[in-house]
Amino acid sequence: MKFIPYGRQYIDNKDINAVKKALKSDYLTTGPLTEKFESKFKNYVGSKYAISCSSGTSALHLTLLSLNIKKGDVVILPVINFIASVNMTHILGAKIYFADVNKFNGQMTPQTLELCIKKNKIKKIKAVITMYNGGDPSNAKQFFKLKKKYNFFLIEDACHALGGKYSKLKNFRVGCCKYSDLATFSLHPIKSITTGEGGMITTNNKIIYKKLNILKNHGIFKKKREGRNNWDYKILLPGYNYRLSDISCSLGISQIKKLSKLIAKRNQIFNFYKKKLSKFYDYVILPTKTDDQISANHLFVIILNKNKLKISRELVIQKLFRKGIITQVHYIPIYNHPFYKKKCKGNFSGAKFYYSNCLSLPIFPGLKNKDLRKIINSLGEIINKYKNEKKIY
């Protein structure tokens, strides 16, 4: 049986030829294509600076290092989250607090952030990391207002949101850092575009930009000297080898040229799902969008109405799997992981509802209409078989 994955890269012949050309060039590791990709990326999102790196996780790590996050510093994150940002913050010794999320989309809100601050009586916050779960850049302006109010660094974990916009009218793209200090991106195969593995950081702060470039390259600072053998260098900071190769960047350059088309295709699939699944509105809650924003549509997350369905989420997943459809859950709450169980305490009612009922259906640019129909029909069959017609008062 051929399976329909929940996400997949989109690679065409132009991408393949771009990588072949890079393999025949003088540079395989960091070279002119890295600089070109960073330039194209910053121009696309509208930031002053873009720094490539080896993964979305290294992007988060470098971002925290550039802000000098250290032992005892307070960092707040959403409790529904991929583990990378939590791990990197913990490794640096920060004191982590977790904010609850909207129960329908799994995103931290300005209200849950302030509730976390007040409930825990936090006086001084070093940084807040927002996360656009699913790709919709919700509440960016409101988080920026809280940044000013509480005087913290604001980092956007935008790994799901490349290609999204804060505002259609003003054409503010996610990553322009109009409403943050830094934004981080993943270039993993299932994201908006891919470099195989890879990450990107954007910022408008020149000092942070320079520090990031030093940190990602072993802490090395080297002056450019035209017409000389440039062998000398200085170590200014203990750094890492988080560089992205020219081979990877050649793929990124080719991919970013079609990013708008890839996002349009994701939007088309999103709208198709919404139209065809709307007849099941009593049994599943579908994702919504704001009028002014554009989502990158990294995920299509439905919320199962357990009051109306006589079937568990787990059984829905396995029944779809037996039909060749792979779904996912984004994400397991941090308090459910053994290592973080004692560190993540609180009453996260929004997260508990979201996690108990959420299900990510396949969405990626290469998804064919026949596959979409199979997914919708298979889910419809399950709903019709297990719907609870009993009236609930």
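Between amide H atoms placed 1.01 Å from N, distances below 5 Å from residue 328 occur with 360, all of them 5 or more places distant or on a separate chain. Region 219-291 and region 1-53 have Cα centres lying 9 Å from one another. Rg and Dmax of region 14-151, both derived from C-alpha coordinates alone, stand at 18.3, 58 Å. Applying the Karplus relation 6.51 cos²θ - 1.76 cosθ + 1.60 with θ = phi - 60° to region 220-227 yields 3J(HN,Hα) values of 7, 10, 9, 6, 7, 10, 5, x Hz, where x marks Gly and Pro.
Quick one: helix 32-45 against the long Cα principal axis of the chain, what's the angle to the nearest 10°, folded into 0 to 90? It is inclined by approximately 50 degrees.
Couplings 3J(HN,Hα) of region 377-387, computed from phi: 5, 5, 5, x, 4, 5, 4, 5, 6, 10, 6 Hz, in residue order, whole Hz [Karplus 6.51 cos²θ - 1.76 cosθ + 1.60, θ = phi - 60°; x for Gly and Pro]. The dipole here belongs to region 88-178: it is taken about the Cα centre, uses +1 on the Cβ of Lys and Arg and -1 on the Cβ of Asp and Glu, and is about 520 debye.
Helical runs assigned H by DSSP (4 residues or longer) give the chain a calculated mean residue ellipticity at 222 nm of -11500 deg cm²/dmol, each run adding -39500 (n - 2.57) before division by the residue total. In degrees from 0 to 90, rounded to the nearest 10, what is the angle of the helix 140-150 Cα long axis to the longest principal axis of the chain? Helix 140-150 sits roughly 60 degrees off the main axis of the chain. Magnitude of the charge dipole for region 1-121, about its Cα centre and with charges confined to Cβ atoms of Lys, Arg (+1) and Asp, Glu (-1), is about 80 debye. For the cross-link pairs 191/323; 119/211; 148/257; 148/206, the ones whose C-alpha atoms lie over 29 Å apart are 119/211; 148/257.
I'd like to check one number: the per residue accessible area of the chain, probe 1.4 Å, reported in Å² as a whole number.
49
For the peptides 281-290, 85-94, 242-251, residues were scored by their other Cβ atoms within 10 Å and the scores averaged per peptide; the highest-first order is 242-251, 85-94, 281-290. Candidates 130, 83, 150 compared by Cα position along the dipole of the chain: farthest toward the positive end lies 150, with charges placed on Cβ.
Each of the peptides 106-119, 170-183 was scored by the mean count of other Cβ atoms within 10 Å over its residues; in descending order, highest first, they stand as 170-183, 106-119. Net charge dipole, the chain: roughly 580 debye, given to the nearest 20, about the Cα centre with Cβ charges of +1 for Lys and Arg and -1 for Asp and Glu. When DSSP beta bridges are restricted to pairs lying wholly in the chain, around 60% turn out antiparallel.
Around the amide H of residue 162, modelled in the peptide plane, lie the amide H atoms of 192, all under 5 Å away and 5 or more residues distant in sequence or on another chain. Region 193-217 and region 319-351 have Cα centres separated by 30 Å. Taking all Cα pairs closer than 8 Å and separated by 6 or more residues, the relative contact order of the chain comes to 24 percent. Overall form of the chain: oblate. Here a/c, set by the Cα gyration tensor axes a ≥ b ≥ c, is 1.5 or more, and a/b is not larger than b/c.
Given a cut-off of 23 Å, name the pairs among 276/319; 121/342; 103/385; 21/216; 48/95; 306/352 whose C-alpha atoms lie farther apart than that in the structure shown. Violating the 23 Å Cα-Cα cut-off are 103/385; 21/216; 48/95. Apolar share of the accessible surface for region 218-293: 52 percent from carbon plus sulfur atoms, 1.4 Å probe.
The values are calculated or read from the model by the stated rules, or taken from the named source; none is laboratory data. Predicted model, so just to flag it, every value in this text is computed and none were measured. No Cβ is skipped: glycine too gets one built from the backbone with ideal geometry, and neighbour counts run over all protein chains shown. Protein only, heavy atoms only, side chains kept; ligands, DNA and RNA dropped before computing areas. Shrake-Rupley method; radii C 1.70, N 1.55, O 1.52, S 1.80 Å.
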